[in-house]
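Quick notes on the structure that follows.
The values are calculated or read from the model by the stated rules, or taken from the named source; none is laboratory data. None of the values given here were measured: they were computed from a predicted structure. Here the Cβ positions follow ideal geometry from the backbone for every residue, glycine too, while neighbour counts run over all protein chains shown. Each accessible area value is taken on the protein alone, full model and side chains, heavy atoms only, with ligands, DNA and RNA left out. Shrake-Rupley method; radii C 1.70, N 1.55, O 1.52, S 1.80 Å.
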Amino acid sequence: MGTRRRARECALQILYGIDWTGQRADDASELFWSCFAGERPSAYAEIRRACDELVDGVSEHRDRIDRELVDASHNWKLERMSVVDRNILRMGTFELIFREVIPRKVVLNEAIEIAKKYGNKESSAFVNGILHFVSTKRAEVDAPKKPRAARKPRPAKATPPTSTEVESAQ
C-alpha cells in the first residue's frame, strides 16, 4: 500500500473519531497517533504529514465542503449518510477543490477504493456518484469561458452549371 493511501486511511479514521466525539482536529490526531497508529513504518513522517494535511484541511473547510456535498447529494442529508461515507466524501471533496495538483481520476479512484475497504457494499458506487458530480461541477466552474465567435457568413450556394455551360466547357 502506498504512502498516500495509508495517509488517507489514517485521515479517515481520525475524521471518523472527530465526527463521533466532536473533538478538535489536532486533539483527535494526537490521540490517533499516540494510541492507534501501531508500528511506525519507514515512511511514518510522510504518512503523518499527508494525513495531518487532509485532517486539517477537511476540518478548516468543513462548512464549504459540506455545502458542496449537500448540493451534490440529491435526496440525501449529510446526517443520513454513514459516518464512513460522509468522511470519505469530505476528504475527496477537499482534494478536488483545494488540492488541485492531485489529478481528478486519482482522487476518485482512491476514494472508491477506500469506500470498498471501509464502507458497506453500496459505498463505492455512492462515493463515486457524489464525487463525480462534485468534480464535474468543479470542472465547469474552472473551465475558461470562451467568447463566442461571430458567425461567419455562409458562402453562397453554387448553382449547378447549365447544360449550355457544360457543353461549352467540353
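Taking the stated definitions as given, is A11 in contact with a Leu (Cβ under 7 Å, 6 or more places away or on another chain) and either touching a residue at least 24 places away in the same chain (Cβ under 8 Å) or under 21 Å from K137 (Cβ atoms) (or both)? In short, yes. Listed conditions (1) more than 21 Å from the chain's Cα centre (by Cα); (2) outside any helix (DSSP H, G or I); (3) at pLDDT below 90 are all met by S34, apart from (2).
In the list D19, D52, D26, which residue meets the criterion of being open to solvent by 50 Å² or more (accessible area, probe 1.4 Å), over 13 Å from the mean Cα position of the chain (by Cα), modelled with pLDDT of 90 or more and acidic (D, E)? Criteria check complete, one pass: D26.
When we screen R40, R64 for residues that are part of a loop (DSSP other than H, G, I, E, B) and of a type in the set (K, R), the only hit is R40.
Going by what's in this entry, would I102 be described as at pLDDT below 95 and touching a helix residue (DSSP H, G or I) at 6+ places or on another chain (Cβ under 6 Å)? Judged against the criteria, I102 is a match. The condition of being open to solvent by 30 Å² or more (accessible area, probe 1.4 Å) and out of contact with any strand residue (DSSP E or B) (no Cβ under 9 Å at 6 or more places or on another chain) holds for only one of V127, V101, V107, that being V101.
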